[in-house]
Amino acid sequence: MNGPVLVTGGAGFIGRAVVRHLDGAGIEVRAVDRRATTIDTAGGRIEVRAGDTTVPGSLAASLVGVDTVVHAAAIVSTVVDRATMHAVNVVGTRRLIEAARDAGVRRLVHLSSIVVHGADLPPWVDEDHPVRITGDAYGDTKIAGEQVVLAAHAAGELETVVLRPGDVYGPGSRPWVVLPLTYLAAGQGVLPARGRGLLAPVHVDDVVDAIARAGRVPQAAGQVLLVTAGQGVACRDYLGRLGALVGRTPRCLPTAIAAPAAATLGAVSRARGRPSELSPASTRLLTRTGTFRIDRARRILGYEPRVDLATGMADVARWAETSGLLAQLAGRER
């Protein structure tokens, strides 16, 4: 990174972590999100400007003089409608590329996801394993977003790097900490495949390290790289650790029973005006049959995961306590 860095989705879970890391490393960092806010860092406070990747003009001022863009803005959901998700995850990515190209940005680091590979996997998967259209809007739009990014690199518009993070957890993670704790506390922790489905949890600090490396390592240009902790963890193990924080044990059921149960719970909650990500698509995420190799990220980026699951979960437990989340969930139970 030879100049300022712009982080899209800068107010989100991963975006905030990137902003804090870069600021701590003495790199000039800017951030945009749909709503303006501020991020407290060790060095002070970073202003997050209002900007929308689907409205390129809103990014112009933030892109002036920028060397690298970290594209973390996306809709991450299993229940948002396909048209909305496509507009942000695909069209918004293309609009950002055009704005970055016109501003003379050198490199774009795009955050995709391991979900592009689907859930029906061989024991070990690397970047050469084909992506798979499944009909789930999130995974399908992530595939399309990757295509847009890689096409821009091939056309010489700017350098791009695609990272496929695993199941990113840590303090504040909505999909892999906050929502699971919420469902578990409410007695809605139902796991398909008898809890044997494989997750690929990776702590946000390790993902941020990979992002920073992807922005500066010359050999990363044009690459697609998996970023996980390099091992699979059974759903019942990962979610069992979270369940212990709220005194609940997830129910491990056959998929034929768990899938309709989760779908019904989610539909009822949404019908009552309470947001819920429980759905057939979220159930499929918990039936993954394989996990991911990170040899390429190790070789090209020098990436090495440093936060093991026990350490990462201790980090989560401290945050859940000090943030008041556990007390809030206990109050809901009563």
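The values are calculated or read from the model by the stated rules, or taken from the named source; none is laboratory data. Note that this is a predicted model, so its numbers are computed, not measured. Cβ sites come from the backbone with ideal geometry, for glycine too, and all protein chains shown count toward neighbours.
Go through the range 268-289 and count every residue that is in contact (Cβ under 8 Å) with a residue 12 or more places away in the chain and either in a helix (DSSP H, G or I) or touching a Phe, Trp or Tyr at 6+ places or on another chain (Cβ under 6 Å) (or both). Working first, answer last.
At the first step, the residues of the range 268-289 found to be in contact (Cβ under 8 Å) with a residue 12 or more places away in the chain are 270, 276-289.
This time we only want the ones that are either in a helix (DSSP H, G or I) or touching a Phe, Trp or Tyr at 6+ places or on another chain (Cβ under 6 Å) (or both), so: 270, 280-285.
Here the count works out to 7.
When the range 30-57 is filtered for residues that are in contact with a Ser or Thr (Cβ under 6 Å, 6 or more places away or on another chain), closer than 20 Å to THR84 by Cα and among the charged types (D, E, K, R), only ASP52 remains. In the range 164-199, of all residues being in contact with a Ser or Thr (Cβ under 7 Å, 6 or more places away or on another chain) and not basic (Lys, Arg), the one that is farthest from CYS252 (Cα to Cα) corresponds to PRO165. Take GLY145 and decide whether it is more than 14 Å from LEU225 (Cβ to Cβ) and either within 18 Å of the chain's Cα centre (by Cα) or charged (D, E, K, R) (or both). Answer is yes for this residue.
Test of understanding: among VAL105, VAL109, which residue is touching a strand residue (DSSP E or B) at 6+ places or on another chain (Cβ under 7 Å), under 15 Å from VAL161 (Cβ atoms) and in a loop (DSSP other than H, G, I, E, B)?
On the way: VAL109 fails: in a loop (DSSP other than H, G, I, E, B).
The match here is VAL105.
Conditions (1) of a type in the set (Ser, Thr, Tyr); (2) in a helix (DSSP H, G or I), marked per residue:
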site: LEU6; (1), (2): no, no
site: ASP40; (1), (2): no, no
site: SER62; (1), (2): yes, yes
site: VAL66; (1), (2): no, no
site: VAL70; (1), (2): no, no
site: ALA74; (1), (2): no, no
site: VAL88; (1), (2): no, yes
site: ARG94; (1), (2): no, yes
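Any idea which residue in the range 146-192 is nearest to ALA267 (Cα to Cα), counting only those that are of a type in the set (A, V, I, L, M, F, W, C) and in a strand (DSSP E or B)?
We begin by selecting, within the range 146-192, every residue of a type in the set (A, V, I, L, M, F, W, C); these are 148-152, 154-155, 158, 161-163, 168, 176-179, 181, 184-186, 190-191.
Narrowing further to those that are in a strand (DSSP E or B): 161-163, 168, 190-191.
On the way: VAL161: 37, VAL162: 34, LEU163: 33, VAL168: 26, VAL190: 15, LEU191: 17 Å.
My answer is VAL190.
Within the range 314-329, residues that are at negative phi have Cβ atoms under 7 Å from residues that are among the aromatic types (Phe, Trp, Tyr) in these pairs: VAL316/TYR169, counting only partners at least 6 apart in sequence or on another chain. In the range 123-133, the count of residues that are at positive phi, modelled with pLDDT of 95 or more and assigned to a loop (DSSP other than H, G, I, E, B) is zero. Considering the range 53-70 alone, what residues qualify as being surrounded by fewer than 19 Cβ atoms within 10 Å (Cβ to Cβ) and touching a Lys or Arg at 6+ places or on another chain (Cβ under 8 Å)? Within the range 53-70, THR54, VAL55, ALA61, ASP67 qualify.
Close contacts from the range 194-208, counting a first residue that is within 9 Å of GLY170 (Cβ to Cβ) and a second that is part of a helix (DSSP H, G or I), with Cβ to Cβ under 6 Å and a gap of 6+ residues or different chains, come to HIS203/GLY312; VAL204/ALA17. Only one entry in ALA50, ALA73, ALA87, ALA42 is in contact with a Gly (Cβ under 6 Å, 6 or more places away or on another chain), more than 19 Å from PRO165 (Cβ to Cβ) and hydrophobic (A, V, I, L, M, F, W, C), namely ALA42. If only residues of the range 211-255 that are closer than 15 Å to LEU184 by Cα and among the hydroxyl-bearing types (Ser, Thr, Tyr) are counted, the one that is surrounded by the fewest Cβ atoms within 10 Å (Cβ to Cβ) is THR249.
When the range 8-20 is examined, which residues are found to be hydrophobic (A, V, I, L, M, F, W, C) and in a helix (DSSP H, G or I)? Of everything in the range 8-20, those that are hydrophobic (A, V, I, L, M, F, W, C) and in a helix (DSSP H, G or I) turn out to be PHE13, ILE14, ALA17, VAL18, VAL19.
Select from the range 269-303 the residues that are among the basic types (Lys, Arg) and touching a Gly at 6+ places or on another chain (Cβ under 8 Å) and list them in ascending order. Show your work before the answer.
Step one: of the range 269-303, the residues among the basic types (Lys, Arg) are 270, 272, 274, 284, 288, 293, 296, 298-299.
If the condition is that a residue be among the basic types (Lys, Arg) and touching a Gly at 6+ places or on another chain (Cβ under 8 Å), then ARG288, ARG293 are the ones that fit.
Scan the range 239-256 for residues that are under 25 Å from GLY324 (Cα atoms), among the hydroxyl-bearing types (Ser, Thr, Tyr) and assigned to a helix (DSSP H, G or I) and the total you get is 0. Considering only residues in the range 21-38 that are in a helix (DSSP H, G or I) and in contact (Cβ under 8 Å) with a residue 24 or more places away in the chain, the one that is surrounded by the most Cβ atoms within 10 Å (Cβ to Cβ) turns out to be LEU22.
In the set (1) in a helix (DSSP H, G or I); (2) more than 20 Å from VAL207 (Cα to Cα), the condition left unmet by VAL116 is number (2).
Could you go through the range 293-302 and let me know if any residue there is farther than 30 Å from PRO4 by Cα and touching a residue at least 12 places away in the same chain (Cβ under 8 Å). Checking the range 293-302: at least one residue is farther than 30 Å from PRO4 by Cα and touching a residue at least 12 places away in the same chain (Cβ under 8 Å).
Being among the hydrophobic types (A, V, I, L, M, F, W, C), at pLDDT 95 or above and not in a helix (DSSP H, G or I) holds for only one residue in VAL307, VAL316, and it is VAL307.
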